[in-house]
Structure formats: structure tokens, C-alpha cells
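**Q** Pasting a structure here, questions to come.
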Amino acid sequence: MERSFIMVKPDGVQRNLVGEIVSRFENKGFKLVGAKLMTVSKELAEEHYGEHKERPFFGELVDFITSSPVFAMVWEGENVIATARQMMGKTNPADALPGTIRGDFGVTMGKNVIHGSDSPESAGREISLWFKEDEVSEYNKQV
Ligand code: CMP
């Protein structure tokens, strides 16, 4: 079954949006298999955002994501990677449609509340970067 790495960024945690975001994924029918509130080290931030290393906003991005805790999650379900991207909305909150997480709560490109893996390759890389194997649970949903 497909898995995606989803993270509520520092702005989302500070604005008390963790519960709202978890609810949206639960209500959609996805299964939470990993979650933790954590302060991100500079090393982890730089590794996670490695593909943006040459961009002018890289320093700002690393500073922001390490500035206060994030809520990191692994969600499981059919097509969870693409569906989560739809639920999050466009990266720039100004372009994100109402009803999406960034459309409803995002402020700026940098403070856009949430991150989600953009492909199966990134999901695999990000889940193993952020979670140890024993921090991700295997279980069957009974309801
Ligand atoms: P995210 O999905 O976490 O992946 C990369 C992040 O870089 C993106 O969300 C934005 O928050 C951030 N980002 C992208 N473009 C810009 C930009 N022009 N200025 C500042 N931040 C940006």
C-alpha cells in the first residue's frame, strides 16, 4: 500500500492546525502509521530540502523549518501521494483553491502550513530520512 510523508510546518503547529490537518486525512479515509512532534536539526532540514540547495530561498527555508517544532507524519492508503497533494493545494497559498489546506490556511510561499511528498521516489526517500523503521506501524484497520 502507498505511503506519503506529510509534515505540518512550524507555522501550522503554532497556529494550532495539527488537529484540523490530521482530521482531514482521517476523514478522507487514510491510515496514520507514523507521527511525531519534533524540532528539526539543520542537517536534516538541508538533507530534506537538498533539491533546493541552489535556490535563493534555501537559507530562509532551512531557517524557517528549524525555527520551532514540526509535526511529521506517515500516511498510508491508495493513491495517498497524489491525493494528499490535491488536499494540500498549490505550493503558493495565493494560487491554492479554497477547500484545500493551503487555500484555507496558507499565508505565503514560505509559510504554507504543510509539506507532502511529490512522488513515490520522494515519499520513499523522505519517510526513511524522517522515520526509523520501528517508528512506522503496521496494523489493519478494524473499522
Ligand atoms: P514544500 O512543499 O515544503 O517544498 C519546498 C518549499 O520551498 C515549498 O514548500 C515552499 O514553502 C518553499 N518555497 C518554494 N518557492 C519559494 C520561494 N520562491 N520563496 C520562499 N519559499 C519558497
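**Q** Only one residue in Arg125, Arg85, Arg102 is over 20 Å from Lys42 (Cα atoms), basic (Lys, Arg), out of contact with any His (no Cβ under 8 Å at 6 or more places or on another chain) and surrounded by fewer than 21 Cβ atoms within 10 Å (Cβ to Cβ). Which one?
**A** Going through Arg125, Arg85, Arg102 in turn, the sole match is Arg85.
**Q** So, Val113, is that one within 18 Å of Val18 (Cβ to Cβ), surrounded by fewer than 17 Cβ atoms within 10 Å (Cβ to Cβ) and within 13 Å of the ligand (Cβ to nearest atom) or not? It would help to see each step written out before you state the result.
**A** On the way: within 18 Å of Val18 (Cβ to Cβ): yes; surrounded by fewer than 17 Cβ atoms within 10 Å (Cβ to Cβ): no; within 13 Å of the ligand (Cβ to nearest atom): yes.
When the stated conditions are applied, Val113 does not pass them.
**Q** What number of residues within the range 60-85 satisfy the criterion of being touching a Phe, Trp or Tyr at 6+ places or on another chain (Cβ under 7 Å) and of a type outside the set (Phe, Trp, Tyr)?
**A** Of all residues in the range 60-85, those touching a Phe, Trp or Tyr at 6+ places or on another chain (Cβ under 7 Å) come to 61-62, 72, 74-77, 80, 84.
Adding the requirement that they be of a type outside the set (Phe, Trp, Tyr) leaves 61-62, 72, 74, 76-77, 80, 84.
The number of residues fulfilling the criteria is 8.
**Q** In the list Lys36, Lys111, Lys141, which residue meets the criterion of being part of a loop (DSSP other than H, G, I, E, B), at negative phi and under 15 Å from the mean Cα position of the chain (by Cα)?
**A** Checking each option against the conditions leaves just Lys111.
**Q** Please work out if Ser67 is modelled with pLDDT of 95 or more, assigned to a loop (DSSP other than H, G, I, E, B), under 17 Å from Phe25 (Cβ atoms) and out of contact with any Lys or Arg (no Cβ under 9 Å at 6 or more places or on another chain).
**A** Working: modelled with pLDDT of 95 or more: yes; assigned to a loop (DSSP other than H, G, I, E, B): yes; under 17 Å from Phe25 (Cβ atoms): no; out of contact with any Lys or Arg (no Cβ under 9 Å at 6 or more places or on another chain): yes.
Criteria not met by Ser67.
**Q** If the requirement is being in contact with a Pro (Cβ under 6 Å, 6 or more places away or on another chain) and in a helix (DSSP H, G or I), which of these qualifies: Arg102, Arg85?
**A** It is Arg102.
**Q** On to the next question. Within the range 23-80, can you find the residues that are within 16 Å of the ligand (Cβ to nearest atom), touching a residue at least 24 places away in the same chain (Cβ under 8 Å) and either loosely packed, with under 11 Cβ neighbours inside 10 Å or among the hydroxyl-bearing types (Ser, Thr, Tyr) (or both)?
**A** Result: Thr66, Ser67, Ser68.
**Q** Quickly run through the range 1-22 and pick out the residues that are open to solvent by 20 Å² or more (accessible area, probe 1.4 Å), charged (D, E, K, R) and either farther than 12 Å from Trp75 by Cβ or in a loop (DSSP other than H, G, I, E, B) (or both).
**A** Within the range 1-22, Glu2, Arg15, Glu20 meet the criteria.
**Q** Continuing with the same structure: What are the residue pairs meeting all of these: first residue in the range 1-13, first residue over 14 Å from Ile127 (Cα atoms), second residue within 11 Å of the ligand (Cβ to nearest atom) and open to solvent by 10 Å² or more (accessible area, probe 1.4 Å), Cβ atoms under 6 Å, and 6 or more apart or on different chains?
**A** Partner pairs satisfying both residue conditions: Asp11/Lys111.
The values are calculated or read from the model by the stated rules, or taken from the named source; none is laboratory data. Remember, predicted model here, so these are calculated numbers, not experimental data. Neighbour counts are summed over all protein chains in view; Cβ atoms, including those assigned to glycine, are modelled from backbone coordinates with ideal geometry. Quick note on the areas: whole protein, heavy atoms, side chains included, nothing else; ligands and nucleic acids left out. Shrake-Rupley method; radii C 1.70, N 1.55, O 1.52, S 1.80 Å.
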